[in-house]
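One structure is given below, encoded as structure tokens.
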Amino acid sequence: MKKGFYNIFFRGITLLSKFVFIVFLGKYSIDEVNLGVFGIISTSLALLIYLLGFDFYVFNTREIIVAKKDYFSKIRDQLFFHVFAYILIIPVALFFIFKMNFVPIEFLIVFSLLIFSEHIGQELYRLFTTFERSVVANIMLLIRSGIWVWYVLIDFFLFKNEVDLQKYILIWALFSWGSLILFIFLLINHIGTENIKLRKPDFEWITKGAKAASVFFIGSVSFQIIQFSDRYMIDYFFGKKLVGVYTAYAQFTNAIEVFTFSAITMVMYPKLISKFSNRYEYKRLKSLFSKQLVGASLILILIVLIVAPIVFQFLGKDSIISELHTFYILLIGIFFLIISNVFHYDLYVKRKDFQILKVAVIAMLVNVSLNLILIPRLNIFGAALATLASFLIIFILKFYYSKKLIKINDNS
């Protein structure tokens, strides 16, 4: 309970910081273009983190939990895997992002710096969660993703400098790298220097991990496409101003998802893995997990329904006010996505990876198809409808596969 409280506290401050930055950028920028550029940068980084990670951590989490104390070699070999991914992916990704002008060329250097610090920082965040040190992970996340915002506010309000998105992204990068350095020191301290041995990488194990992770990777990339591809399509058809409006809405829905993950899912899923062999205890934990997610998501959505319109009025941008029906559709969608996590982790613990993959791919294909049809006709409202349809499909299919497994086990 105490761990959950600390996770809520530190993750809450991080979310508040991101929220404050979006409000600040929306309020004091001339128009919504800065929000749109920031939204595309954030989206591109999020997608790249998944591409570079290849979801190798999902495979390695199981390996580390089973290995108990003998896990340094697995961390080392995962790092080697990511080096290969950098060499193959980063040049192609940078060429696409900047050649297509999704992100202005003046952001190239700082964007490249952020790729490394945000990806490795995210992998360390997941690693410390596996160690059941989620509080430390969330403190590091606060340094990486939250504190820089308050420095930006000091720069604007105290030093009276003009809004400068390029400078703000550089400040973000500096804090991100600072968090990464601290994280590395904490990891060395956790492992113990006597256990750190630099040996030749185990390519057989890396290959095994890549094969196992590929199933999760396809599923995760499919899910990221559902969450983020609409930004690129909105940008292509309507420009960065409407991307900015959509980014403002997504900040609220993302906050609900992240908050429930940090406070509930992040604490519960390692316990579900460790208690799976005890059928009664696993069933009890799963029921508790379900109740907590439903209750927390409903409360947060109600709070957002009250707070968000007030914030949007404060921003003073007519386009954000006029598209509120889009925002309400996104809120419905995020509820179904959060509740689907109960069935997602049930399938994950039971190693039903193919079912998870199949759901993600089906939902992604539906999402991209609907985006291509609806966005040119209905702009960001079409994107919201496509997102809702995709999240509803994820919920229904994961519920179906999870319940199907229960019936099979009961009959066996």
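Give, rounded to the nearest 20 debye, the magnitude of the charge dipole that the chain has about its Cα centre when Lys and Arg contribute +1 at Cβ and Asp and Glu contribute -1 at Cβ. Working shown, then result.
Numbers: 41 positive and 25 negative charges, 332 e Å.
Dipole magnitude for the chain comes out near 1600 debye.
Short version: what are the Cα gyration tensor semi-axes of the range 81-131, square root of 5 times each eigenvalue, largest first, in whole Å? Show your work: numbers first, answer last.
Values: eigenvalues 127, 33, 12 Å².
So the equivalent ellipsoid measures 25, 13, 8 Å along its semi-axes.
For the range 115-182, what ratio Rg/Rh do Cα atoms give with a Kirkwood hydrodynamic radius?
Details: Rg = 13.6 Å, Rh = 12.6 Å.
Taking Rg over the Kirkwood Rh, I get 1.08.
Quick one: grab the alpha carbon gyration tensor of the range 76-202, order the square roots of its eigenvalues as a ≥ b ≥ c, and give me rounded if a/c is under 1.5, else prolate or oblate depending on whether a/b is larger than b/c. It would help to have the intermediate numbers written out before the result.
Values: a/c = 2.98, a/b = 1.34, b/c = 2.23.
Oblate, because a/c is 1.5 or more while a/b does not exceed b/c.
Taking a quarter of the surface of the convex hull around the Cα atoms of the chain, what do you get in nm²? Intermediate values should be presented prior to the final figure.
Values: hull surface 81.0 nm².
Its average projected convex-hull area is 20.2 nm².
Return the carbon/sulfur percentage of the accessible area of the chain, one whole number, probe 1.4 Å, all protein chains in place. Walk me through the numbers on the way to the answer.
On the way: 13140 of 19080 Å².
Here carbon and sulfur together make up 69 percent of the probe-accessible area.
Compute the separation of the alpha-carbon centres of the range 351-393 and the range 71-93 and state it in Å as a whole number.
The distance from the Cα centre of the range 351-393 to that of the range 71-93 comes to 30 Å.
Counting Lys +1, Arg +1, Asp -1, Glu -1, what net charge surrounds residue 236 among other residues with beta carbon under 15 Å of its beta carbon? Numbers along the way, then the final one.
Details: positive: 99, 231, 240, 241, 377; negative: 230, 235.
Computed value for this residue: +3.
First measure r as the distance between the Cβ atoms of residue 92 and residue 284, then evaluate 1/(1 + (r/R0)^6) with R0 = 41 Å and state the FRET efficiency to the nearest 0.05. Show your work: numbers first, answer last.
Values: r = 47 Å, r/R0 = 1.15.
Efficiency for this residue pair is about 0.30.
Just name one of 134, 182, 37: the one whose Cα is farthest towards the positive end of the charge dipole of the chain (beta-carbon charges, Lys/Arg +1, Asp/Glu -1).
Final value for the positive-end residue is 134.
Where Lys and Arg each count +1 and Asp and Glu each count -1, what net charge lies around residue 247 among other residues with Cβ under 9 Å from its Cβ? Walk me through the numbers before you get to the answer.
Working: positive: 231; negative: 32.
Once all neighbours under 9 Å are counted, the net charge is 0.
At each listed q (0.23, 0.24 Å⁻¹), what is the log10 of I(q)/I(0) that the Debye formula gives for the range 160-238 modelled as equal alpha-carbon point scatterers?
-1.03, -1.03
Restricting things to alpha carbons, tell me how big the range 238-350 is in terms of Rg and Dmax, in Å.
For the range 238-350, the Cα-based Rg and Dmax read 17.3, 56 Å.
What relative contact order, as a whole-number percentage, does the chain give when Cα pairs under 8 Å and 6 or more residues apart are counted?
Details: 462 pairs, mean separation 98.2, N = 412.
Relative contact order here is 24 percent.
I want to check a number: in the range 294-412, how many lysine pairs have alpha carbons closer than 23 Å, given a sequence separation of 8 or more or different chains?
Lysine pairs satisfying the spacing and distance rule in the range 294-412 number 14.
Would you work out if the range 278-412 is rounded, prolate or oblate? Take a ≥ b ≥ c from the square roots of the eigenvalues of the alpha-carbon gyration tensor; rounded if a/c is under 1.5, else prolate when a/b is larger than b/c, oblate otherwise. Spell out each step's value before the answer.
On the way: a/c = 4.24, a/b = 1.66, b/c = 2.55.
Note, shape of the range 278-412 comes out oblate.
So for the pair residue 30, residue 9, with labels modelled 7 Å out along Cα→Cβ, what separation do we get in nm?
4.4 nm
How high is the FRET efficiency from residue 99 to residue 151, r the C-beta distance, R0 35 Å, rounded to 0.05?
Values: r = 32 Å, r/R0 = 0.91.
Between residue 99 and residue 151 the formula returns 0.65.
Among 77-86, 128-137, how do they line up by average Cβ neighbours within 10 Å per residue, starting with the highest?
On the way: 77-86: 16.7, 128-137: 19.4.
Highest mean packing first, the order is 128-137, 77-86.
Using 0.36 nm per residue, how much length does the chain from residue 161 to residue 203 gain when fully extended, once their Cα-Cα distance is taken away? Kindly include the intermediate steps, with their values, before the conclusion.
Working: separation 42, 0.36 × 42 = 15.12 nm, distance 5.16 nm.
In short, 10.0 nm is gained.
Write down, largest first, the equivalent ellipsoid semi-axes of the range 125-259 in whole Å, where each equals the square root of 5 times an eigenvalue of the alpha-carbon gyration tensor.
Ellipsoid half-lengths, sorted descending, are 33, 25, 14 Å.
On full extension of the chain, what length is gained from residue 195 through residue 214, given 0.36 nm per residue of separation minus the C-alpha to C-alpha distance?
Numbers: separation 19, 0.36 × 19 = 6.84 nm, distance 2.93 nm.
Taking 0.36 nm per residue and subtracting the Cα distance, the gain is 3.9 nm.
Give the accessible surface of the chain per residue, rounded to a whole number of Å², with probe radius 1.4 Å and ligands, DNA and RNA excluded.
Numbers: 19080 Å² over 412 residues.
Per residue, the chain has 46 Å² of solvent-accessible surface.
Per-residue ellipticity at 222 nm for the chain, helices alone: DSSP H runs ≥ 4 residues times -39500 (n - 2.57), over residue total, nearest 500 deg cm²/dmol? Numbers along the way, then the final one.
On the way: 15 runs with 350 residues, N = 412.
Rounded to the nearest 500, the figure is -30000 deg cm²/dmol.
Which one of 400, 345, 125 has the biggest mean-square fluctuation once the chain is modelled by GNM with Cα springs under 10 Å?
400
Evaluate the Debye formula for the range 1-60 with equal point scatterers sitting on the alpha carbons, no solvent, and hand back log10 of I(q)/I(0) at q = 0.21, 0.24 Å⁻¹, in q order, two decimals.
-0.92, -0.95
Counting pairs of alpha carbon atoms under 8 Å apart in space and at least six apart in sequence, what relative contact order in percent does the range 129-270 give? Write down the numbers at each step before the final one.
Numbers: 43 pairs, mean separation 40.0, N = 142.
For the range 129-270, the relative contact order is 28 percent.
Enumerate the helices in the chain for which the Kyte-Doolittle hydropathy averages -1.0 or more and the C-alpha atoms extend at least 27 Å along the helix's axis, using complete DSSP H runs. Walk me through the numbers before you get to the answer.
Working: long enough: 2-28 (38 Å, 0.79); 33-53 (30 Å, 1.95); 72-99 (40 Å, 1.40); 108-130 (33 Å, 0.97); 165-191 (39 Å, 1.65); 203-238 (48 Å, 0.55); 240-260 (30 Å, 0.40); 279-315 (51 Å, 1.18); 324-349 (38 Å, 1.61); 353-411 (49 Å, 1.20).
The qualifying helices are 2-28, 33-53, 72-99, 108-130, 165-191, 203-238, 240-260, 279-315, 324-349, 353-411.
Once amide H atoms are placed 1.01 Å from N in the peptide plane, what residues at a sequence separation of 5 or more from residue 54, or on another chain, have their amide H within under 5 Å of its amide H?
Placed amide hydrogens put nothing under 5 Å from residue 54.
Would you list, by chain and number, the lysines whose Cα falls below 17 Å from the Cα of residue 18, excluding same-chain residues fewer than 8 positions away?
List returned: 27, 167.
Could you work out how much longer the chain between residue 305 and residue 328 gets when fully extended? Use 0.36 nm per residue separation minus the Cα distance between them, nm to one decimal. Provide the component values of the computation, followed by the final result.
Values: separation 23, 0.36 × 23 = 8.28 nm, distance 0.83 nm.
The residue 305-residue 328 span can extend by a further 7.5 nm.
The values are calculated or read from the model by the stated rules, or taken from the named source; none is laboratory data. Not measured: the values here are computed from a predicted model. Cβ: placed from backbone, ideal geometry, glycine included. Neighbour counts: every protein chain shown. To get the accessible areas, we keep the full protein, side chains included, count just its heavy atoms, and leave off ligands, DNA and RNA. Shrake-Rupley method; radii C 1.70, N 1.55, O 1.52, S 1.80 Å.
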